[in-house]
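The next block holds one structure in the form of structure tokens; read it before the comments.
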Amino acid sequence: MSMISSEPINPAALLDAFTRAVQGAGAIASFTGLVRDDDGAVSELWLDHHPTLSGEAIAEIAEDARRRFEVAAVHIVHRVGAVAAGEPIVFVAAASHHRRAAFDAVDYMMDRLKTDAPLWKRERRGDGAVWIEAREGDHADRARWETTE
Amino acid sequence: MRPTFFGRLRDAVGAGAIDRAVPANIADSEALRAWLGADFPDVLDAKVRIALDDVLTTRPAPIAGVAEAAFLPPVSGG
């Protein structure tokens, strides 16, 4: 399951709801990403998205992870719009029989989100705003999964 | 035909969408890119992908009957 949210997200509540929904699993792994303030230089991130393509891409990433790691359930919630520094921007979770599949599924979904999800970030730095693109490291992280796909 | 713009293109164009009467001789997505590029050169960047009615194109695709042409710059990462 996956969704895009233009409202603030509460990772603790999301994890709690996910945990209740996947009774019977032996392991749950989750990840929460926060907006980095870059030592105080960034006050806010604004995320642009496509009303159809962004949600479809995120749903596909979730489904790919569920199949690839044979996990019982996965969950992705991604913020769009204005997100203040320090606030959660993404929540990802996976539930499985054993821990390794859950860890791997979460790691995989985050790497895919960084390079494959049509989301565009604009940092507010002081009085200016800067659009940012995926880092080299993001593509290297994504490539780790290609050898065994 | 409604060209739409995302990410840095939104700021470069100054709007998320514009309404344009596309000339009849503009037949495919790449011709549309070149035509809009006269006013908005940022769309000429080959890294900018085009989606026609929510379907990503990888080569010139016919635009007859298409309602929305989305111009998508490289993603930022989630």
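Here are the numbers for the structure shown:
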| read-out | value |
| --- | --- |
| Subset of the stretch A:89-118 that is in a strand (DSSP E or B) and more than 11 Å from the chain's Cα centre (by Cα) - its residue that is nearest to the other protein chains (Cβ to nearest Cβ) | A:94 |
| Restricting the stretch A:119-149 to residues that are part of a strand (DSSP E or B) and among the aromatic types (Phe, Trp, Tyr), the residue that is surrounded by the most Cβ atoms within 10 Å (Cβ to Cβ) | A:120 |
| Any chance residue B:20 is within 14 Å of chain A (Cβ to nearest Cβ) and basic (Lys, Arg) | no |
| Leading residue by the ranking (farthest from the other protein chains (Cβ to nearest Cβ)) among those in the stretch A:43-63 that are buried (at least 19 other Cβ atoms within 10 Å of the Cβ) and more than 28 Å from residue A:102 (Cα to Cα) | A:45 |
| Residues within the stretch B:51-69 that are in contact with a Leu (Cβ under 7 Å, 6 or more places away or on another chain) and within 16 Å of residue B:17 (Cβ to Cβ), tallied | 5 |
| Selection count where residues are at pLDDT 95 or above and farther than 13 Å from residue A:91 by Cα, scope the stretch A:29-42 | 0 |
| Residues located in the stretch A:118-137, provided they are touching a strand residue (DSSP E or B) at 6+ places or on another chain (Cβ under 6 Å), within 25 Å of residue A:61 (Cα to Cα) and without any contact (Cβ under 8 Å) to a residue 60 or more places away in the chain | A:131, A:132 |
| Options A:68, A:79: the member that is within 18 Å of residue A:141 (Cβ to Cβ) and modelled with pLDDT of 95 or more | A:68 |
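The values are calculated or read from the model by the stated rules, or taken from the named source; none is laboratory data. Bear in mind the structure is a predicted one, so any value in this text is a computation, not a measurement. No Cβ is skipped: glycine too gets one built from the backbone with ideal geometry, and neighbour counts run over all protein chains shown.
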